[in-house]
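To keep things clear, I will list the structure first and then write my remarks on it.
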Amino acid sequence: MKVEAARLDTDLGEISLLAEVAGLGSVATEAFGRRVWTLDLKSLIKSKRAAGMARDLLELPELESLLEAEEP
């Protein structure tokens, strides 16, 4: 899987902007009065693992625990 991303620093924190992540699920949501597409949690974990960046890999345990908390 190829993941191309740019990072944007904002007052609220860093945001990764992805042009396209083929084969992953996305969901529409409202943010700041606009409709945006974002990855669902499972897809976010998969994309971070595929990207392999040290910072992303460090976030995986927390994201995986959030996913476990969601599951019945």
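Note on segment 43-63: among residues that are basic (Lys, Arg) and surrounded by fewer than 18 Cβ atoms within 10 Å (Cβ to Cβ), the one that is farthest from residue 27 (Cα to Cα) is 55.
Mind checking which pairs have a first residue in segment 50-69 that is under 23 Å from residue 6 (Cα atoms) and a second that is part of a helix (DSSP H, G or I) and of a type in the set (Ser, Thr, Tyr), Cβ under 9 Å, 6 or more apart or different chains? Every condition considered, the pairs that remain are 56/47. Total residues in segment 11-51 satisfying the condition of being among the hydrophobic types (A, V, I, L, M, F, W, C) and out of contact with any helix residue (DSSP H, G or I) (no Cβ under 8 Å at 6 or more places or on another chain): the figure is 13. In summary, residue 25 fulfils each of the numbered conditions (1) at positive phi; (2) surrounded by 11 or more Cβ atoms within 10 Å (Cβ to Cβ) with the single exception of condition (1).
All of the numbers you see were taken from the coordinates with simple rules; none came from a lab. Since this is a predicted model, take the numbers as computed values, not measurements. Note: ideal-geometry Cβ built from the backbone for every residue, glycine included; neighbour counts use all protein chains shown.
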